[in-house]
Amino acid sequence: MGYREITFDKDSVFLVGGGAGFIGSNLCEALLTMGYTVRCLDDLSTGKYENIEPLTQNSRFTFIKGDIRDLDTCKAACEGVDYVLNQAAWGSVPRSIEMPLLYEEINIRGTLNMMEAARQCGVKKFVYASSSSVYGDSTELPKKEGQEGKVISPYALTKKTNEEYGRLYKELYGLDTYGLRYFNVFGRRQDPDGMYAAVIPKFIKQLLHGETPTINGDGRQSRDFTYIDNVIEANLRACKADSSAAGEAFNIGAGGRLYLIDLYEHLCKALGMSVEPNFGPPRAGDVRDSNADITKARTLLGYDPEYDFEKGIALAIDWYRDYLK
Ligand SMILES: NC(=O)c1ccc[n+]([C@@H]2O[C@H](COP(=O)([O-])OP(=O)(O)OC[C@H]3O[C@@H](n4cnc5c(N)ncnc54)[C@H](O)[C@@H]3O)[C@@H](O)[C@H]2O)c1
């Protein structure tokens, strides 16, 4: 069952923090299509107005340009909201190694501001983006909640800290928080540009533009690539989850595992190309292997991902062919 069958009161109000980004704009769009009222809070630092521009035609959509580092902005945005889906943060492990202080300000303090604002405004559920990076140097596969290792990047530490606050806000204040540990999300509107771009949109764009992609490391690192619609489903399921599951974090993956070199070959084949990749040095802070055990999300949230990698990547490639032409 996909996310479209999940229903809320028809006058429900959702706030999507970071709603102009890749995941956030997809959440805004899905919720509007389902008939709900949506507020998007974003400072457009890594997101783009063009991601939400078509949504601004809808009278149930409001865009607030603001920074989650400012508590008053967060409070104004949370006023009258039923559900907060906070995606606002800076991604990228390598960038966090270059700018640890900024990551502390945005990802830790910013998320805490959103949680505090949600608490003060009596929000029903606070769902927030965590990351598979919290597993750090643990070599156990598949990754299972409770078997985390030591984090190996400032980015991962910010997400781990968010989860600790999520737990505390449930225990101390009774706010129903749910941390979603996304595993390498991909799909429409993920930014293909810039030195910190994610591997799937970057490779697709380079291949379509006749450039030779570079694989960092030997290509034998593996990831659980997860299609965006699974992530939308997880967010909506968390909003419907029982209070007894709050204060916890959940793996949100597709449950598969693909080597980077196999991803690359899959993309070449799907695009009808044959291009030998370049190989570069491995990146500091990157985990070697990642593959989600999604039993906890299945059991406690009812998460049942509709899209496996093959189904999702075919849709993503179609979208990029059109977007990049
Ligand atoms: N994409 C993935 O594979 C992935 C994996 C694990 C976790 N995550 C997490 O999911 C969330 C969304 O990721 P994404 O891929 O959509 O990234 P994104 O950069 O496209 O979206 C993040 C959005 O947050 C906004 N933002 C950043 N700082 C802000 C601030 N101070 N105030 C207000 N808005 C701010 C950005 O402008 C952007 O629109 C992030 O928290 C990220 O860490 C993503």
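Here, each number is a calculation from the coordinates, and none is a lab measurement. Note that the structure is a prediction, hence the values are computed from the model and not measured. Every residue, glycine as well, gets a Cβ built from its backbone with ideal geometry; the counts of neighbours run over all protein chains shown.
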**Report entry** Separation of alpha-carbon centers, the stretch 1-16 and the stretch 84-128, rounded to whole Å
**Finding:** 23
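Quick check for me: using +1 on Lys/Arg Cβ and -1 on Asp/Glu Cβ, what's the dipole size of the chain about its Cα centre, in debye to the nearest 20?
Working: 38 positive and 46 negative charges, 18 e Å.
Dipole magnitude for the chain comes out near 80 debye.
Highest mean first, how do 227-236, 66-75, 103-112 rank when packing is the count of other Cβ atoms within 10 Å averaged over residues? Numbers along the way, then the final one.
Numbers: 227-236: 26.1, 66-75: 17.9, 103-112: 21.1.
Put in order of decreasing packing, that is 227-236, 103-112, 66-75.
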Report summary line: Checking rank on 183-189, 85-91, with mean other Cβ inside 10 Å and highest first, the result is 85-91, 183-189
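Between residue 139 and residue 196, what FRET efficiency comes out of the Förster formula 1/(1 + (r/R0)^6) with R0 = 22 Å and r the beta carbon distance, rounded to 0.05?
0.30
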**Report entry** Helical contribution to [θ] at 222 nm, DSSP H n ≥ 4, -39,500 (n - 2.57), averaged over the chain, rounded to 500
**Finding:** -11000 deg cm²/dmol
Report summary line: Toy charge model, Lys and Arg Cβ at +1, Asp and Glu Cβ at -1: the stretch 245-325 dipole around Cα centroid in debye, rounded to 20, equals 120
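If eta is 1.306 mPa s and T is 10 °C, what Stokes-Einstein diffusion coefficient results for the chain, Kirkwood Rh from Cα pairs, in µm²/s? Don't skip to the answer; put the middle values down first.
Details: Rh = 19.7 Å.
Rounded, D is 80 µm²/s.
Can you tell me the length gained on complete extension of the stretch residue 318 to residue 274, counting 0.36 nm per residue apart and subtracting the Cα distance?
Working: separation 44, 0.36 × 44 = 15.84 nm, distance 1.85 nm.
Going from the current span to full extension adds 14.0 nm.
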Report task. With label points built 7 Å along Cα→Cβ from the Cα atoms of residue 283 and residue 168, find their separation and express it in nm. Result -> 3.0
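Under a Cβ-only charge scheme (Lys and Arg +1, Asp and Glu -1), can you give me the dipole magnitude of the stretch 1-160 about the Cα centre, in debye to the nearest 20? Provide the component values of the computation, followed by the final result.
Details: 18 positive and 21 negative charges, 50 e Å.
Here the size comes out at about 240 debye.
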Query raised in the report: Using the alpha-carbon centroid of each, what span in Å lies between the stretch 219-233 and the stretch 284-317?
Result: 5
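If I take R0 = 22 Å and measure r between the Cβ atoms of residue 298 and residue 5 in this structure, what FRET efficiency does the formula 1/(1 + (r/R0)^6) give, to the nearest 0.05? Write out the running numbers ahead of the final one.
On the way: r = 16 Å, r/R0 = 0.74.
Result of the calculation: an efficiency of 0.85.
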Report summary line: Sorted on mean Cβ neighbours within 10 Å (highest first), peptides 126-136, 157-167 come out as 126-136, 157-167
Requested in this report: Would you mind checking 240/296; 75/170; 144/205 for any pair whose Cα atoms are more than 23 angstrom apart?
Outcome: 144/205
Report task. With a 4.7 Å Cβ cut-off, tell me which Cys residues in the chain come up empty for a partner. Result -> 28, 40, 74, 239, 268
Query - Candidate aspartates and glutamates for bridging to residue 143, where Cα separation is under 17 Å - those fewer than 8 sequence places away on the same chain excluded - result: 163, 224, 248, 286, 289, 293
